[in-house]
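Visitor: The following block contains the structure, expressed as structure tokens.
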């Protein structure tokens with residue numbers, strides 16, 4: 001399928017990936033003498049000129065510390081920081097019930113949440129001895145290890161909502177795990193290792209009915225404009241800017257204000273306090289209470305620019321474009337003998353294709369793809385328990401973004417076929 005055909009199929013509102021790609025300076029280069037087909041977007045998306053320009057403008061004209069100065073630059077920086085918070089909240093569907101805490105990324109956000117639930121700044125902690133935490137078997141390590149540690153520290157129990165042999169989660173299995181002691185359900189919106197999207201609305205509703213606090217790892221979905229915390233009804237969601245065309249080292253935890261107020265701060269110091277004496281301190285109101293220290297203000301300005309960029313992509317058919325790329329890739333890779341695609345069903349998938357060969361190791365496929373100019377990710381994708389559950393050591397993973405074209409999908413398919421043929 002060429003891009004002209006794809007445009008005709010998807011309609012007049014579809015974005016033009018070639019025009020989008022021109023906005024990303026890094027994509028103009030060649031790799032090993034071949035045009036770069038960057039298909040590692042589930043790990044990190046590239047950053048467009050609009051985001052780079054927003055960060056550069058801040059650093060060149062408004063750079064100052066926030067919330068602390070009366071001078072003009074400090075006030076402008078503070079205004080930019082808080083405007084960024086409002087912008088990102090709009091992208092993820094946060095309303096008056098929610099607050100957004102800036103973090104260094106999804107991992108930082110989930111650690112802030114899990115460890116903050118164990119500690120009690122005042123009153124009872126959110127997570128106590130005897131409670132049960134349910135984590136799905138799909139998770140990136142960042143949505144598993146913090147809960148392992150929180151369970152140990154709180155004296156709680158960790159229970160796993162295991163997928164079936166194909167890597168799918170079933171609502172009836174969650175119902176069987178829930179009890180009067182269930183305190184947390186933590187689950188991904190899209191499994192980064194397979195691209196599988198669990199039936200999230202049903203799972204969240206069932207858990208909420210049982211009185212559980214619901215937590216979403218939205219790292220793989222936020223860049224596709226798929227996170228709407230108010231519509232989903234989740235209590236918390238964590239995500240990163242670098243997976244939504246923004247800078248590395250920035251992210252957010254968005255959650256219900258009444259629950260965020262019960263989290264213990266993990267970083268103590270400047271800007272998160274109200275009053276301090278030599279003997280004690282009282283903490284500031286949200287969101288400052290959970291944002292101790294000088295934040296990456298320039299990066300957060302870039303994150304807001306990325307949020308606006310994603311919103312614009314959504315208005316021009318991003319979802320349809322990504323679905324078409326994935327369908328094209330699945331169709332072509334299926335024709336290669338000895339290749340198995342994890343979660344090929346498009347109805348349950350995001351813009352990820354993860355696959356294994358019967359005879360060729362993913363690292364070898366990835367190396368030869370790199371020589372062909374195709375950047376993919378190989379390995380266990382920080383999901384070792386899921387890989388073991390599926391009986392797989394590692395996979396090759398291609399993941400798509402707005403700037404990818406059907407020509408690049410063909411480049412991937414040809415490169416995989418050539419790699420397998422080479423080793424056979």
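The values are calculated or read from the model by the stated rules, or taken from the named source; none is laboratory data. Everything quoted here is computed from the prediction, not taken from an experiment. Glycine gets a Cβ as well: all are built from the backbone with ideal geometry, and neighbour counts include every protein chain shown.
Visitor: Taking the condition modelled with pLDDT under 95, more than 27 Å from the chain's Cα centre (by Cα) and farther than 16 Å from residue 411 by Cα, does residue 71 pass?
Guide: Values: modelled with pLDDT under 95: no; more than 27 Å from the chain's Cα centre (by Cα): yes; farther than 16 Å from residue 411 by Cα: yes.
Considered against the rule, which asks whether it is modelled with pLDDT under 95, more than 27 Å from the chain's Cα centre (by Cα) and farther than 16 Å from residue 411 by Cα, residue 71 comes out as no.
Visitor: Kindly provide the set of residues from the stretch 65-93 that are in contact (Cβ under 8 Å) with a residue 12 or more places away in the chain and over 18 Å from residue 250 (Cα atoms), ordered by number.
Guide: 67, 68, 76, 93
Visitor: On the basis of being under 22 Å from residue 91 (Cα atoms), in the same structural domain as residue 115 (by TED's automatic domain parsing) and buried (at least 22 other Cβ atoms within 10 Å of the Cβ), does residue 213 make the cut? Break it down into steps so the answer makes sense when it comes.
Guide: On the way: under 22 Å from residue 91 (Cα atoms): no; in the same structural domain as residue 115 (by TED's automatic domain parsing): yes; buried (at least 22 other Cβ atoms within 10 Å of the Cβ): yes.
No: the conditions fail for residue 213.
Visitor: Next up: For the stretch 36-56, does any single residue satisfy the condition of being modelled with pLDDT of 95 or more and more than 25 Å from the chain's Cα centre (by Cα)? Lay out the reasoning, then the answer.
Guide: Initially, the stretch 36-56 is screened for residues modelled with pLDDT of 95 or more, giving 36-56.
Then keep just the ones that are more than 25 Å from the chain's Cα centre (by Cα); that gives none.
No: the stretch 36-56 contains no residue that is modelled with pLDDT of 95 or more and more than 25 Å from the chain's Cα centre (by Cα).
Visitor: Same structure, new question: When the stretch 333-358 is examined, which residues are found to be assigned to a loop (DSSP other than H, G, I, E, B), at pLDDT 95 or above and more than 16 Å from residue 424 (Cα to Cα)?
Guide: 334, 335, 351
Visitor: Looking only at residues that are touching a helix residue (DSSP H, G or I) at 6+ places or on another chain (Cβ under 8 Å), surrounded by fewer than 19 Cβ atoms within 10 Å (Cβ to Cβ) and touching a residue at least 24 places away in the same chain (Cβ under 8 Å) in the stretch 342-366, which one is nearest to residue 36 (Cα to Cα)?
Guide: Within the stretch 342-366, the match that is nearest to residue 36 (Cα to Cα) is 364.
Visitor: I would also like to ask the following. Restricting to the stretch 273-287, name every residue that is over 23 Å from the mean Cα position of the chain (by Cα) and either touching a residue at least 40 places away in the same chain (Cβ under 8 Å) or surrounded by 19 or more Cβ atoms within 10 Å (Cβ to Cβ) (or both). Before you say what the answer is, go through the steps one by one.
Guide: Applying the first criterion (over 23 Å from the mean Cα position of the chain (by Cα)) to the stretch 273-287 yields 273-286.
Scanning the stretch 273-287 gives 283, 286.
Visitor: Of (1) within 22 Å of residue 264 (Cα to Cα); (2) surrounded by fewer than 24 Cβ atoms within 10 Å (Cβ to Cβ); (3) at pLDDT 95 or above, residue 127 satisfies all except one. Which?
Guide: With respect to (1) within 22 Å of residue 264 (Cα to Cα); (2) surrounded by fewer than 24 Cβ atoms within 10 Å (Cβ to Cβ); (3) at pLDDT 95 or above, residue 127 is out only on (2).
Visitor: Just checking, which of 185, 177 is at pLDDT 95 or above, surrounded by fewer than 21 Cβ atoms within 10 Å (Cβ to Cβ) and either touching a helix residue (DSSP H, G or I) at 6+ places or on another chain (Cβ under 8 Å) or within 25 Å of residue 127 (Cα to Cα) (or both)? Give the steps one after another, and end with the answer.
Guide: Details: 185 fails: surrounded by fewer than 21 Cβ atoms within 10 Å (Cβ to Cβ).
Of 185, 177, the one residue that is at pLDDT 95 or above, surrounded by fewer than 21 Cβ atoms within 10 Å (Cβ to Cβ) and either touching a helix residue (DSSP H, G or I) at 6+ places or on another chain (Cβ under 8 Å) or within 25 Å of residue 127 (Cα to Cα) (or both) is 177.
Visitor: Would you confirm, using the coordinates I've provided, whether residue 267 is surrounded by fewer than 17 Cβ atoms within 10 Å (Cβ to Cβ) and part of a helix (DSSP H, G or I)?
Guide: Numbers: surrounded by fewer than 17 Cβ atoms within 10 Å (Cβ to Cβ): yes; part of a helix (DSSP H, G or I): no.
It is false that residue 267 is surrounded by fewer than 17 Cβ atoms within 10 Å (Cβ to Cβ) and part of a helix (DSSP H, G or I).
Visitor: Separate question: Kindly evaluate residue 164 against the criterion of being part of a loop (DSSP other than H, G, I, E, B) and more than 19 Å from residue 234 (Cα to Cα). Explain how you work it out, then say what you get.
Guide: On the way: part of a loop (DSSP other than H, G, I, E, B): yes; more than 19 Å from residue 234 (Cα to Cα): yes.
In short, yes.
Visitor: I've got another one for you. Which numbered condition trips up residue 231, out of (1) within 19 Å of the chain's Cα centre (by Cα); (2) part of a loop (DSSP other than H, G, I, E, B); (3) surrounded by fewer than 24 Cβ atoms within 10 Å (Cβ to Cβ)?
Guide: So residue 231 meets the others, but not (2).
Visitor: Quick one: residue 313 ticks every box in (1) out of contact with any helix residue (DSSP H, G or I) (no Cβ under 7 Å at 6 or more places or on another chain); (2) in a loop (DSSP other than H, G, I, E, B); (3) surrounded by 18 or more Cβ atoms within 10 Å (Cβ to Cβ) bar one, so which box is it?
Guide: Only one criterion in (1) out of contact with any helix residue (DSSP H, G or I) (no Cβ under 7 Å at 6 or more places or on another chain); (2) in a loop (DSSP other than H, G, I, E, B); (3) surrounded by 18 or more Cβ atoms within 10 Å (Cβ to Cβ) is unmet by residue 313, namely (2).
Visitor: Would you mention how many residues in the stretch 389-416 are in contact (Cβ under 8 Å) with a residue 60 or more places away in the chain and assigned to a loop (DSSP other than H, G, I, E, B)?
Guide: Restricting attention to the stretch 389-416, the residues satisfying the condition of being in contact (Cβ under 8 Å) with a residue 60 or more places away in the chain are 389-390, 395, 397-413, 416.
When the remaining residues are screened for being assigned to a loop (DSSP other than H, G, I, E, B), the result is 400-405.
Count: 6.
Visitor: Same structure again: Kindly indicate which of 339, 290, 322 is more than 25 Å from residue 46 (Cα to Cα), surrounded by 15 or more Cβ atoms within 10 Å (Cβ to Cβ) and under 23 Å from the mean Cα position of the chain (by Cα).
Guide: Numbers: 339 fails: under 23 Å from the mean Cα position of the chain (by Cα); 322 fails: more than 25 Å from residue 46 (Cα to Cα).
That would be 290, the only listed residue that is more than 25 Å from residue 46 (Cα to Cα), surrounded by 15 or more Cβ atoms within 10 Å (Cβ to Cβ) and under 23 Å from the mean Cα position of the chain (by Cα).
Visitor: Restricting attention to the stretch 131-145, does a residue exist that is assigned by TED's automatic domain parsing to the domain that holds residue 186 and more than 30 Å from residue 343 (Cα to Cα)?
Guide: Within the stretch 131-145 (the criterion being assigned by TED's automatic domain parsing to the domain that holds residue 186 and more than 30 Å from residue 343 (Cα to Cα)), the answer is yes, since at least one residue qualifies.
Visitor: Given the criteria assigned to a helix (DSSP H, G or I), under 27 Å from residue 231 (Cβ atoms) and in contact (Cβ under 8 Å) with a residue 24 or more places away in the chain, does residue 203 qualify?
Guide: Answer is yes for this residue.
Visitor: Right, here's the next one. Given 398, 402, 307, which one is in the same structural domain as residue 239 (by TED's automatic domain parsing) and crowded, with 21+ Cβ neighbours inside 10 Å?
Guide: On the way: 398 fails: in the same structural domain as residue 239 (by TED's automatic domain parsing); 402 fails: in the same structural domain as residue 239 (by TED's automatic domain parsing).
Matching residue, one of 398, 402, 307: 307.
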